[in-house]
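Working notes for the structure below.
The values are calculated or read from the model by the stated rules, or taken from the named source; none is laboratory data. Since the structure is predicted, the reported quantities are computational estimates derived from the model, not experimental observations. Note: ideal-geometry Cβ built from the backbone for every residue, glycine included; neighbour counts use all protein chains shown.
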Amino acid sequence: MTKITAILPAYNEEVSLGSVVLNTKKYVDNVIVVDDGSKDSTVEIAKLAGAEVISHPSNKGKGAALKTGFEIAKTSEIIVTIDSDGQHDPNEIPKLVAPIINGEADIVNGSRYINGNKKDTPSYRRVGQTVLDKATNLGCGLEITDSQSGYRAFARHAIPVFRFSSVDFGIESEMLMDAANAGLRIKEVEINVRYDVDGSTKHPVSHGIGVLMRVINDLEFQRPLYYFTLPGAIIVITGVVLGLLFFGDYLGGGTRSLLPTILAIMMTMVGGFLAFTGIILDSMTRMINRVVNDPNYDIRAGEISSTKVKQQGK
């Protein structure tokens, strides 16, 4: 029988946590509540509801809470993450883990928008979600419809690919990028969500901006062509056009100074440097990913050679 563990990161969730734990226990073998430095009765309620509780001495963020939870649950065959604020419906856990049990996916993302926008989603949330979805998909090369979903299921063999370098809410996007870079199969299933029990402790605008900045920062390493080469190419084109215009104006006697032309040339050089930096970093990233994802990759030969082929050559 497949062992399933649910991880519930919690910070001051005494109002909703008890019912979430009790309902989650119907579908999993173990419920782990990671108390992230709560000041209320979160720990006591989690224990009374029958959950295993791991506490952080201070509030470290959702990413840190998930990291702790995954370390404790690493022996489980499937790990489910679910928010503690009551927005997610634990009765949908069977639907979430089914693709993994059936061998169809390594990670399942619960999506609120897999079939388009939902009318009950606040407009300000959907606008922010769309921006974060586009940025995340740009970074991981996927077509995820709900990149910020905290309702997910993971096969055990997928756990080692996650960096957990983001300690806050940027962890949702980071995990998708890590999974995509590792070549894991990601499937989405539709889930429901309640907004009348929103227990978020962070303002949605500051939250969204923080996550977006984290995603953009990850693009520096995950998608250097977008981060460096594309802006560099734009700067080069702009510099060339301006340089021709300024130099033409100088030759025509419109100006006596070559300074604008020199500045345009410098702009072109800087843009070219950025563009080539992106190309070099992209090549390095592809090489690193290839080595990490294929242990039989021979760097010196520049090709993949299996163990059998090596043995036959002896």
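Would you mind telling me which numbered condition in (1) at negative phi; (2) outside any helix (DSSP H, G or I); (3) at pLDDT below 95; (4) small (G, A, S) G63 fails?
Among (1) at negative phi; (2) outside any helix (DSSP H, G or I); (3) at pLDDT below 95; (4) small (G, A, S), the lone unmet condition for G63 is (2).
With the checklist (1) in contact with a helix residue (DSSP H, G or I) (Cβ under 6 Å, 6 or more places away or on another chain); (2) assigned to a loop (DSSP other than H, G, I, E, B); (3) not aromatic (F, W, Y) in hand, flag the one item I45 doesn't pass.
Just one mismatch for I45, condition (2).
Quick test for you: out of L8, L22, pick the one residue that is of a type in the set (A, V, I, L, M), outside any loop (DSSP other than H, G, I, E, B) and over 25 Å from V167 (Cα atoms).
Details: L8 fails: over 25 Å from V167 (Cα atoms).
Result: L22 is the single residue among L8, L22 that is of a type in the set (A, V, I, L, M), outside any loop (DSSP other than H, G, I, E, B) and over 25 Å from V167 (Cα atoms).
Within segment 39-63, restricting attention to residues that are buried (at least 21 other Cβ atoms within 10 Å of the Cβ), of a type outside the set (D, E, K, R) and more than 15 Å from I4 (Cβ to Cβ), which residue is farthest from the chain's Cα centre (by Cα)? If you could, list the steps in order and put the result at the bottom.
To start, the set of residues in segment 39-63 that are buried (at least 21 other Cβ atoms within 10 Å of the Cβ) comprises 42, 45-46, 51, 62-63.
Of the ones still in play, those that are also of a type outside the set (D, E, K, R) are 42, 45-46, 51, 63.
From what's left, more than 15 Å from I4 (Cβ to Cβ): 42, 45-46, 63.
Working: T42: 27, I45: 30, A46: 28, G63: 11 Å.
Looking at residues that are buried (at least 21 other Cβ atoms within 10 Å of the Cβ), of a type outside the set (D, E, K, R) and more than 15 Å from I4 (Cβ to Cβ), I get I45.
Filter segment 263-278 down to the residues that are exposed (fewer than 15 other Cβ atoms within 10 Å of the Cβ) and within 30 Å of the chain's Cα centre (by Cα), then identify the one that is nearest to L242 (Cα to Cα).
Just the residues of segment 263-278 that are exposed (fewer than 15 other Cβ atoms within 10 Å of the Cβ), to begin with: 263, 266, 269-270, 273, 276.
Those still in the list that are within 30 Å of the chain's Cα centre (by Cα) too: 273, 276.
Details: F273: 18, F276: 21 Å.
Per the criteria, the residue is F273.
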